[in-house]
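The values are calculated or read from the model by the stated rules, or taken from the named source; none is laboratory data. Just so it is clear, the structure is predicted and the values come from calculations on it, not from any experiment. Quick reminder, even Gly has a Cβ in these numbers, built from the backbone with ideal geometry, and neighbours come from all protein chains shown.
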Amino acid sequence: MRYIIFHKPYEVMPSFTDPDGRRTLKDFIEAPNVYAAGRLDYDSEGLMLLTDDGEINHRLTDPKFDHPKTYYAQVEGVATEAQLEQLRRGVILKGEATKPAEAKIIAPPNLPPRAVRNYHPTTWLQITLREGKKRQLRRMTAAVGLPCLRLVRVGLGPLTLGDLPLGSWRDLLPSELLALRRMLGFKS
């Protein structure tokens, strides 16, 4: 079995093909028969896990296997404690409540630079979700009045992006795989 951690750049499709000719995982990863375990939008950056292990992939993508995903989000505006509390309680999106999120203000993280519109003040947040509906975090921050300008996934359960360079990948360490398997409820 193969388990790869990848630091996905902005404007890269989270798949190996794209009918519109945009950059894909194939432009960065030369490993046959691995697939993304979950998605990370074209306009988001950060940690992706790729594997040929169907059971790991299933447990990472099936909503009944509750696991944390941690993001750094640069949002437009100066975040207030009231807005953070809304995220912590969960917000209503299309008539459905999201699960509560962990949310806090952080100092600007040490990330590869990327231009975002900057004519308004911005705030960096660290947000951990335990579900993953389409564009959920962007919709949650917008719902509390904080449009998301930049979104970087830095953690997936026990896995962290660490200092992996942008556009680079590596195989998981045995200790990382063991921690991931434990989080997903495997016996070993």
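What to note about this one:
- Test: residue in the stretch 152-165 that is under 13 Å from residue 60 (Cα atoms) and part of a loop (DSSP other than H, G, I, E, B): yes
- Answer from 54, 90 - the residue that is out of contact with any His (no Cβ under 8 Å at 6 or more places or on another chain), without any contact (Cβ under 8 Å) to a residue 40 or more places away in the chain and not assigned by TED's automatic domain parsing to the domain that holds residue 166: 90
- Scanning the stretch 99-116 for residues that are farther than 21 Å from residue 80 by Cβ and touching a residue at least 40 places away in the same chain (Cβ under 8 Å) turns up 111, 112, 114.
- Here residue 16 clears all of (1) assigned to a loop (DSSP other than H, G, I, E, B); (2) closer than 20 Å to residue 151 by Cα; (3) not aliphatic (A, V, I, L, M) except the condition numbered (2).
- Qualifying positions in the stretch 167-188 - within 16 Å of residue 6 (Cα to Cα) and surrounded by 15 or more Cβ atoms within 10 Å (Cβ to Cβ): 167, 169, 172, 176, 177, 180
- Residue 85 being among the charged types (D, E, K, R), surrounded by 15 or more Cβ atoms within 10 Å (Cβ to Cβ), more than 17 Å from residue 184 (Cα to Cα) and at pLDDT 95 or above: no
- Test: residue in the stretch 89-97 that is closer than 28 Å to residue 184 by Cα, in contact with a strand residue (DSSP E or B) (Cβ under 6 Å, 6 or more places away or on another chain) and among the basic types (Lys, Arg): no
- Residues that are modelled with pLDDT of 95 or more and either assigned by TED's automatic domain parsing to the domain that holds residue 179 or surrounded by 19 or more Cβ atoms within 10 Å (Cβ to Cβ) (or both), drawn from the stretch 125-137: 125, 127
- Selection within the stretch 20-51 - aromatic (Phe, Trp, Tyr) and free of Cβ contacts under 8 Å to residues at least 40 places away in the same chain: 35, 42
- Search result, residues across the stretch 29-45 that are within 18 Å of the chain's Cα centre (by Cα) and either at negative phi or outside any loop (DSSP other than H, G, I, E, B) (or both): 35, 36, 37, 39, 40, 41, 42, 43, 44, 45
- Residues of the stretch 57-68 satisfying the condition of being touching a residue at least 12 places away in the same chain (Cβ under 8 Å), surrounded by fewer than 21 Cβ atoms within 10 Å (Cβ to Cβ) and either more than 11 Å from the chain's Cα centre (by Cα) or over 21 Å from residue 148 (Cβ atoms) (or both): 57, 59, 61, 63, 65, 66, 67
- Considering the conditions (1) without any contact (Cβ under 8 Å) to a residue 24 or more places away in the chain; (2) touching a helix residue (DSSP H, G or I) at 6+ places or on another chain (Cβ under 6 Å), residue 184 is excluded by exactly one of them, (1).
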